[in-house]
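Please read the structure below before turning to the comments.
The values are calculated or read from the model by the stated rules, or taken from the named source; none is laboratory data. Here the structure is a predicted model, which is why all the values come from computation and not from measurement. Every residue, glycine as well, gets a Cβ built from its backbone with ideal geometry; the counts of neighbours run over all protein chains shown. We work out accessible area using only protein heavy atoms, side chains counted, and drop any ligands, DNA or RNA first. Shrake-Rupley method; radii C 1.70, N 1.55, O 1.52, S 1.80 Å.
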Amino acid sequence: MTPTDSSGRDAPFRFDYDPATIRFGTGSVDDLEAELEALGLERALVVCGSTVGDTPTVIEPVKSGLGDRLAGVFDETTSAKRLSTALAGRDRLEAEDADAIVAVGGGSSVDVATVVSVLAANGYGPAAAGRELAETGTLPVPDEGLVPIVAVPTTLAGADLSNVAGITADPDEGPVDETVSGGVSHPDLMPGAAIYDPELVATTPDSILAGSAMNGFDKGIETLYAGNATPVTDATARHGLEKLEDGLRAFGDGDRDVETLETVLEGIVLVQYGISRPGETTLSIVHAFGHGLTRGYDVQQGAAHGIVVPHVLEYLFDQNDVDARAGMLANALGVGDAADRGAAVVEAVTEIRDGLGLPAQLRDVDGPRPEEFTAVAEAILADSFVANAPPGLDPTVDEIEGILEAAW
């Protein structure tokens, strides 16, 4: 008989992970130049959005931290993550003769920076890149020539310890006939370093932090019940959720000091650590819902997650023969003594969502309407992240529609 852990999962596992170097703490952005030197990099192009580029309390510490290794600032990224933006960034990278990219901001800037690196390595022009994305949903990632990335996050989504990135090509900008969404993935796309400075995160508006925090929080939840969870990711995700439960409740109560953000940011780093591994990820069904509710709709992903996650958890805990690890989640969220640990987890997650001021119903956001739920449910089930659902789960379109209806 195969030995099992305390939750019933098979004990044997393989954990393959090559993470970024992590620098964490107040003032760590000052170490950017030293980190580039350690990586053997000379000239860095900063890739960010216009808001970050126009915010002195963010961009000036980054410039100062880079010192003589600053090659220039490309501040044109947006939440749309356009292929045209990445192509322009690649052109700027080459014009500045930069050998490194410093991605500053949220997940969109990290994603665009990652695609800039890929384009710099594969040499694709607009027509070839658009055609490849339209035909295959991705861009080829060469084994050589990738430009190293250093991530400096200012939000809490945790996209900075990842070897995947999303990108969209739009016909209004060329070079495709219709909007195409895809992405890139390769073990070598993991950033060389990630700098976590709570003082930079503190400059981000509360509404953006709240949505990104929910996205990061859900990564910890999903990592615990994912079918490919390991004892390593169990440990980091559980401790990360403990930090997030503490920090996000304080944030929801109005605490906005650097110490609170440091607690939250530490939790985000921990839950993100190890989930994006060569050839796999622990992101699961909630993130599949996030994709289904945001592609083609004007809904922020963290808001989408916040709306559906209590209902997804209820659904998982109600399934017979499905190991959704309610006990481990309850312990991580401080409700392990509850008589009904599944219900206590749902209540704790809902309280944290509500404390962040995020919407609670689909009807309150600009997302799909009930008549579109069947198509959305089909898209959710087709999402690759469903493959990481808890062992024993075999959702149907009707069941996914039921979750959407409950969230409406």
Six or more apart or on different chains, Cβ atoms under 8 Å: show the pairs whose first residue is in the stretch 80-101 and within 17 Å of Gly123 (Cβ to Cβ) and outside any loop (DSSP other than H, G, I, E, B) and whose second is open to solvent by 50 Å² or more (accessible area, probe 1.4 Å) and among the hydroxyl-bearing types (Ser, Thr, Tyr).
none
Out of curiosity, is Gly65 small (Gly, Ala, Ser), over 24 Å from the mean Cα position of the chain (by Cα), under 24 Å from Thr155 (Cα atoms) and not in a helix (DSSP H, G or I)?
no
Among Thr2, Thr21, which is open to solvent by 40 Å² or more (accessible area, probe 1.4 Å), at pLDDT 95 or above, among the β-branched types (Val, Ile, Thr) and touching a strand residue (DSSP E or B) at 6+ places or on another chain (Cβ under 8 Å)?
Thr21
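Condition check ((1) touching a Lys or Arg at 6+ places or on another chain (Cβ under 9 Å); (2) modelled with pLDDT of 90 or more) across all residues:
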| residue | (1), (2) |
| --- | --- |
| Asp172 | no, no |
| Asp177 | no, no |
| Pro191 | no, yes |
| Ile195 | yes, yes |
| Ala213 | no, yes |
| Glu222 | no, yes |
| Leu241 | no, yes |
| Arg249 | no, yes |
Where in the stretch 106-224 are there strands (runs of 3 or more DSSP E), lying fully within it, with 1 or more residues that are in contact (Cβ under 8 Å) with a residue 60 or more places away in the chain and surrounded by fewer than 24 Cβ atoms within 10 Å (Cβ to Cβ)?
164-169, 180-185, 193-196
Identity of the residue in the stretch 77-92, modelled with pLDDT under 95 and more than 19 Å from Arg131 (Cβ to Cβ), that ends up most open to solvent (accessible area, probe 1.4 Å):
Ser79
Take the residues in the stretch 296-326 that are of a type in the set (Gly, Ala, Ser) and open to solvent by less than 20 Å² (accessible area, probe 1.4 Å); name whichever of them is nearest to Ala375 (Cα to Cα).
Ala304
Among (1) at positive phi; (2) modelled with pLDDT of 95 or more, where does Val104 come up short?
(1)
